[in-house]
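The values are calculated or read from the model by the stated rules, or taken from the named source; none is laboratory data. The structure displayed is predicted, hence computed values, not measured ones. All Cβ positions, even for glycine, are placed from backbone atoms using ideal geometry, and neighbour counts span all protein chains on display. Ligands, DNA and RNA are excluded from the accessible area calculation, which covers all protein heavy atoms including side chains. Shrake-Rupley method; radii C 1.70, N 1.55, O 1.52, S 1.80 Å.
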Amino acid sequence: MHSALFPDIAAREAGLLPVSDGHSLYWERSGREGGRTLLFLHGGPGSGANARHRRYADPDIWETIQFDQRGCGRSAPLFELYANTTAHLIEDIEALREHLGLERFDCVMGASWGTTLALAYAQACPERVENVLVEGVFLATRRELDWWHGKSGAGAVYPDAHDWLMHGVPETLHDDPPGFARWALAAMQTELAAGAPLLAGLDDPDAEAALKDSVIFRWIAYEELLSQLEATPQSALANLRAKGRDKLISTALIEAHYFSQGCFLEEAQLLTGAHRLTMPVHIVHSRYDMVCPLQSAFDLKDAAPDARLVIVPAHGHAMSEPVFKVVRNVIAGL
């Protein structure tokens, strides 16, 4: 099937940018040199940038810029949580903008956690952002965080997956998402300090049964099961094997770090500060997104001065062709 995305394209330029507190960021740009600038902010936090993100905007018109956020991908040090907060990431975007000699971005685009960071950056630096495009809105509110790991939220739709996620977790935390996130972070750090031996099951079918004892694996596999409308444990495992050990660790660890701290934002900060979004805000959200419920997109639409919302029917959280088509059309209209 022909993809709605533009064809594969290599990065035209890439580098490693030293920023604060010992971190260095991998960054790249592709597409038209001197073209309109689209900054793509990846999800997770901790999932990293990838080649597909270069393909949303027409490379004959747009220059797509992306980077691996602190602690993940090709940035260094890998898995580092020190000085890794939303405020640091906003500073990093500004450092990258200045490094590239840009006055502003013509569009800042994010998906999932990337929407959180895009909105936080646009509110902090509205004069640097011409347009915002957010897909799968996540506002980092307590309601959203409780939904994801709560028994009465996504756990009520996926009770089998939630029960599996809670394997080995103290029973008092089974319906305490903040407490679970803190417990999971500590368990992941212990697992990583030991070299994450249970993740050997990713590549060794004989060790596959031990994966259920890995908090890192269960955290990510649960997210994978919720992200696809027709996901199975077998398809989730196949997808996670394709992503690889380091990506699983960075995503699980950094997500737990951020989510245990409310993503280092005040409660409802992105809604109460939405009046600062003086630029057009283009919102794309799927109706059956089980990771980021649609209500958040509606809340953002109502709070931002110049916002428009497109709902993708019969689609879940993971970006695929129905969303690609909508996103491509939105960018083409900017």
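Above 36 Å lies some portion of the pair distances; for the chain, what is it as a whole percent of all C-alpha pairs?
Percentage above 36 Å: 14.
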DSSP loop (so not H, G, I, E, B), at most 12 other Cβ within 10 Å: list which chymotrypsin sites (Phe, Trp or Tyr not before Pro) in the stretch 101-195 pass both filters. none
Sequence-separation-based contact order of the stretch 277-334, relative, with Cα cut under 8 Å and 6+ spacing, percent: 41 percent
Please report, in whole Å, how far the alpha carbons of the stretch 67-217 spread along each principal axis, starting with the longest. 52, 34, 26
Area of I254 that stays accessible when all protein chains are in place (1.4 Å probe, Å², to 10): 0 Å²
Compute the relative contact order of the stretch 214-255 as a whole-number percentage, counting only Cα pairs closer than 8 Å that sit 6 or more residues apart in sequence. 51 percent
Got a sec? Charge dipole of the chain, +1 on Cβ for Lys and Arg, -1 for Asp and Glu; which of A10, P59, A124 is way out at the positive end? P59
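What is the percent carbon and sulfur in the accessible area of the stretch 27-112, measuring with a 1.4 Å probe over the protein chains and ignoring ligands?
45 percent
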For the stretch 189-321, just run the numbers: alpha carbon Rg, then divide by 2.2 N^0.38 Å, N being how many residues it has. 1.28
Rounded to the nearest 10 Å², the accessible area of K243 at probe 1.4 Å: 90 Å²
Protein-only accessible surface order, largest first, of V310, V157, V327 at 1.4 Å: V157, V310, V327
Using only the Cα atoms of the stretch 1-139, what are the Rg and Dmax in Å? 13.9, 46
Work out Dmax and Rg for the stretch 61-123 from the C-alpha atoms and quote the Rg first, both in angstrom. 12.0, 38
Taking +1 at the Cβ of each Lys and Arg and -1 at the Cβ of each Asp and Glu, which of H317, L270, P293 sits farthest along the dipole of the stretch 230-334 towards its positive end, judged by Cα position relative to the Cα centre? H317
Could you please put K212, K247 in sequence from largest to smallest accessible area, using a 1.4 Å probe? K212, K247
What number results when the radius of gyration of the stretch 172-266, computed over Cα atoms, is divided by 2.2 N^0.38 Å? 1.08
Hey, what's the Cα Rg ratio for the stretch 161-205 versus the globular rule of thumb, 2.2 N^0.38 Å? 1.31
If R0 = 35 Å, then A268 and L229, at their Cβ-Cβ distance, give a FRET efficiency to the nearest 0.05 of 0.75
If contacts are Cα pairs under 8 angstrom and at least 6 residues apart, what is the relative contact order of the stretch 1-87 in percent? 31 percent
Scan the chain and hand back the longest stretch that contains none of the GluC sites (Glu not before Pro) lying in DSSP loops with at most 13 other Cβ atoms within 10 Å. 104-229
Using the Cα centre as the reference, give the magnitude of the dipole from point charges on the C-beta atoms of the chain (Lys, Arg: +1; Asp, Glu: -1; all else neutral), rounded to the nearest 20 debye. 580 debye
Quick one: accessible area per residue over the chain, 1.4 Å probe, rounded to a whole number of Å²? 40 Å²
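Which FRET efficiency value, to the nearest 0.05, is calculated for D246 and D60 with the Förster distance at 56 angstrom and r the Cβ-Cβ distance?
Efficiency for this residue pair is about 0.95.
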